[in-house]
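Okay, structure first, notes after.
The values are calculated or read from the model by the stated rules, or taken from the named source; none is laboratory data. Just so it is clear, the model here is predicted, and its values are computed rather than measured. All Cβ positions, glycine included, derive from the backbone under ideal geometry; neighbour counts span all protein chains shown. For the accessible areas, the whole protein counts, side chains as well, though only heavy atoms, and no ligand, DNA or RNA atoms are used. Shrake-Rupley method; radii C 1.70, N 1.55, O 1.52, S 1.80 Å.
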Amino acid sequence: MNEKLERSVVYLKGVGPKRAELLEKVGVTNIYDLLGYYPRDYIDLSVPSEIRSLTVGGEEPVVVRGRIVRKLPPAHIRRGMTIFNAVFTDDTEDLTIIIYNQDYLFSTLKVGESYILYGKLTGNTFRKEMSAPAIYPADSQDLIQPVYPLTEGLTQNVLRKAVRNAIDLVSGEVTEIMPKHVKDQLSLCSLITAWENIHFPKSIDSALEARRRLIFDELFVHALAVAYRRELENNSSNFIMKNVDMSGFYASLPFELTGAQEKALDDCIVGMCSPERMNRLIQGDVGSGKTVVAAGAAYFAHKNGFQSCVMAPTEILAGQHYETFRKLLEPLGVRVGLLTGSLTPKNKKEMQSAIALGEYDVVVGTHALISESVKFFRLALVITDEQHRFGVEQRAALSAKGNSPHRIVMSATPIPRTLALIYYGELAISIIDELPKGRQPIHTYAVSGGVRERAYGFVKKQLDDGRQGYIVCPAVEESELDIKDVKSYYEELKNGLFSEYKLGLLHGKMSAAEKDEVMRSFKDGELHLLVATTVVEVGVDVPNATIIVIENADRFGLSQLHQLRGRVGRGSCESFCILITDNGTPEVIKRLKLISSTNDGFKIADEDLKLRGPGDFFGKQQHGLPDFKLADLSRDINVFRQGQIMAERIIACDPKLSRPENRVLNELVSRLIEKGAEMN
Ligand code: ADP
Ligand code: MG
């Protein structure tokens, strides 16, 4: 690439050491970074308003165009503070320009000359004023001005000049990262044109054209990095399995698999039989029955003589999977073991040696599975459930166990297709888009706190019918905010409204053993009602539970509400979800309306992504998503697909990106991979 792009901004005209330091604060060190420091908005000076039509005191700055009628003598308010005034008109009305201290600026303004002003209108109805406006000559060529995100000490003017100089510096030379055939095929403008037009567009259209090119760059380079990395990894399978008789498994199931489950299991089986290592994501809505698919895959591996492990993010879930796997597989002669952090050191040791000796065919556990001291025996399949709750390193550590085992990832919540493609870029995807037969839709109602009593009356009716229920609160302990906290709420309900029922309490600050005990008694029907925090969110399965009440529902994201709601509707009885909130802001109403109107997790996920953006979709924790500057994953899916196709083609011809024409791409991809955590 153009060598000048790598130069430090210090050497740029109009920057220097001091400003370079400020720029570093916003992540800009070299010329290339500066060109990638895109405006967050534009000021369009080409459409001025009439002064007469403007009202004083508006929040938004305005654009006016006119001439200076006269300059008033300066007023010295106090030492070192001078105010300059000039009267300005656009022939509909006058306004007074107020300039503080800038003698030079004031002296350049000429009576009779035309200017464009940009600023907030102040003063009063009798005398409109504009304090310290941005002033442009009326014949200015640059009627669309970039507005940059700033940091203290850095002004729009400094940035505009620096970027201008940077573009001028590099524009003489060939500066292009994109192979010509890609550029031509998608009729993208050149990189230098894109830089010119994203920073200094002549029209909004040309800015959009520039954006299109730059968005493509971001997504294309990301897709290329994913494809490149996948090629680098050893993809050949160390465990090429043979087809085995699965009829025992199917016959022992208490139900028939749905078509989608069968398809997903087939995908897994084909994957494990292929000469390539399997890397598969199983996506399905809550309650779609992913666990049994995983069990089928583990059974298949076992019949081939291999060990599998299943990692869940919490003790409750690991325990539940352990039970499910045992129920499904032990009658078929599969030995299932459980390894979690809460075992006594002695039991843990015994468990570890049994795993290493191959005394278990399927090992279920929490992140305890990835500890150094766990050695597996002929481990050929690693299944992780609720994947995105694990950190990037944890995932990598488990995959590194054994000798490149096959991998199945089960996602907890439906993920919009775009996010799945990007976040799980190197994985093949199976989607379970069908619920088991006989499932009833969950009726969802959003109500205000005023009708809580009635809602609880309804809960009682369910309990009296022999069903069970959940009440979910966002906080564990009493907080300053007016949030229902689970502990005191539990006491309140137990001693009040629900005194005739058996209540359980579940929250994240309890020990694993305590949580397990509560969960067990709830599952066994010893408790009627579970008052809980979002601990119950993750995959807890009690088919007899038919009602869930969510307090302060506005505090949860859409996908999280959907996940919580998925705790009910798991059996054949009609189920209900009541969302309580006193927050009536339009945004909250919109969310709750949406969730009340559909049970389709994929649709909800799409909306959630639109409302919250990709970063927040997975929650505030490390989400491992690349941080794109312009690309928006909820909008640019088609562009991403195009980029992916192009990237695959390039990698197919030049897997190591070693050809001279791909040198620049190689540089960019290496840079992206170095940043590491940006990708899964
Ligand atoms: P999730 O996809 O949310 O992890 P689970 O695997 O926990 O869902 O399954 C939800 C419930 O549905 C479980 O009680 C499970 O036994 C049941 N189930 C799974 N598959 C079927 C099926 N094909 N027919 C009937 N019930 C099923
Ligand atoms: Mg599950």
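Table: residues versus (1) at pLDDT 95 or above; (2) closer than 20 Å to residue 415 by Cβ.
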{"position": "277", "(1), (2)": "no, no"}
{"position": "280", "(1), (2)": "no, yes"}
{"position": "291", "(1), (2)": "no, yes"}
{"position": "298", "(1), (2)": "yes, no"}
{"position": "304", "(1), (2)": "yes, no"}
{"position": "307", "(1), (2)": "yes, no"}
{"position": "314", "(1), (2)": "no, yes"}
{"position": "325", "(1), (2)": "yes, no"}
{"position": "330", "(1), (2)": "yes, no"}
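Check 153, 172 and return the single one that is open to solvent by 50 Å² or more (accessible area, probe 1.4 Å) and under 30 Å from residue 82 (Cα atoms).
Criteria check complete, one pass: 153.
Looking at (1) modelled with pLDDT of 95 or more; (2) closer than 30 Å to residue 196 by Cα, find the lone condition where residue 67 falls short.
Status for residue 67: all satisfied but (2).
Just checking, which of 183, 161, 202 is part of a loop (DSSP other than H, G, I, E, B) and basic (Lys, Arg)?
Being part of a loop (DSSP other than H, G, I, E, B) and basic (Lys, Arg) holds for just one of 183, 161, 202, which is 202.
Does at least one position in the range 312-333 carry a residue that is under 26 Å from residue 273 (Cβ atoms) and hydroxyl-bearing (Ser, Thr, Tyr)?
The answer is yes; a qualifying residue exists.
Please determine whether any residue of the range 305-314 is open to solvent by 20 Å² or more (accessible area, probe 1.4 Å), more than 26 Å from residue 230 (Cα to Cα) and more than 13 Å from ligand 1 (Cβ to nearest atom).
Yes, some residue in the range 305-314 is open to solvent by 20 Å² or more (accessible area, probe 1.4 Å), more than 26 Å from residue 230 (Cα to Cα) and more than 13 Å from ligand 1 (Cβ to nearest atom).
Quick one: what pairs do we get from the range 80-94, first residue open to solvent by 50 Å² or more (accessible area, probe 1.4 Å), second among the aromatic types (Phe, Trp, Tyr), C-beta under 7 Å, 6+ apart or different chains?
94/88
For residues that are open to solvent by 10 Å² or more (accessible area, probe 1.4 Å) and modelled with pLDDT of 85 or more, scanning just the range 391-413, find the one that is nearest to ligand 2 (Cβ to nearest atom).
407
What number goes with the only condition from (1) more than 27 Å from residue 7 (Cα to Cα); (2) of a type in the set (A, V, I, L, M, F, W, C); (3) not in a strand (DSSP E or B) that residue 177 does not pass?
(1)
Is it true that residue 286 is part of a helix (DSSP H, G or I), within 16 Å of ligand 1 (Cβ to nearest atom) and surrounded by 20 or more Cβ atoms within 10 Å (Cβ to Cβ)?
So residue 286 does not fit the description; no.
For the range 519-560, which positions are at pLDDT below 90, away from ligand 2 (no atom under 16 Å from the Cβ), in contact with a Leu (Cβ under 8 Å, 6 or more places away or on another chain) and of a type outside the set (S, T, N, Q)?
Across the range 519-560, the qualifying residues are 556, 558.
Of a type outside the set (Asp, Glu), at pLDDT below 95 and farther than 24 Å from residue 644 by Cα, is that true of residue 416?
Details: of a type outside the set (Asp, Glu): yes; at pLDDT below 95: yes; farther than 24 Å from residue 644 by Cα: no.
When the stated conditions are applied, residue 416 does not pass them.
Can you list residue pairs whose Cβ atoms sit under 7 Å apart, with the first residue in the range 431-460 being within 16 Å of ligand 2 (Cβ to nearest atom) and the second being assigned to a helix (DSSP H, G or I)? Count only pairs 6 or more apart in sequence or on different chains.
Short answer, once both residue conditions are applied: 432/260; 432/261; 432/264; 432/290; 433/260; 434/259; 434/260.
Across the range 511-528, which residue is nearest to the chain's Cα centre (by Cα) among those that are open to solvent by 30 Å² or more (accessible area, probe 1.4 Å) and within 18 Å of residue 568 (Cβ to Cβ)? If you could, list the steps in order and put the result at the bottom.
Applying the first criterion (open to solvent by 30 Å² or more (accessible area, probe 1.4 Å)) to the range 511-528 yields 511, 513-517, 520, 523-526, 528.
Subset that is within 18 Å of residue 568 (Cβ to Cβ): 523-525, 528.
Values: 523: 33, 524: 37, 525: 37, 528: 36 Å.
Looking at the filtered set, the residue picked out is 523.
Could you tell me which residue of the range 242-283 is surrounded by the fewest Cβ atoms within 10 Å (Cβ to Cβ), considering only residues that are among the charged types (D, E, K, R) and in a loop (DSSP other than H, G, I, E, B)?
So the residue we want is 245.
Among the residues of the range 345-390, how many are within 16 Å of ligand 2 (Cβ to nearest atom), of a type in the set (S, T, N, Q) and outside any helix (DSSP H, G or I)?
So the answer is 2.
Go through the range 529-547 and give me each residue that's over 20 Å from residue 320 (Cα atoms) and under 29 Å from the mean Cα position of the chain (by Cα).
Scanning the range 529-547 gives no hits.
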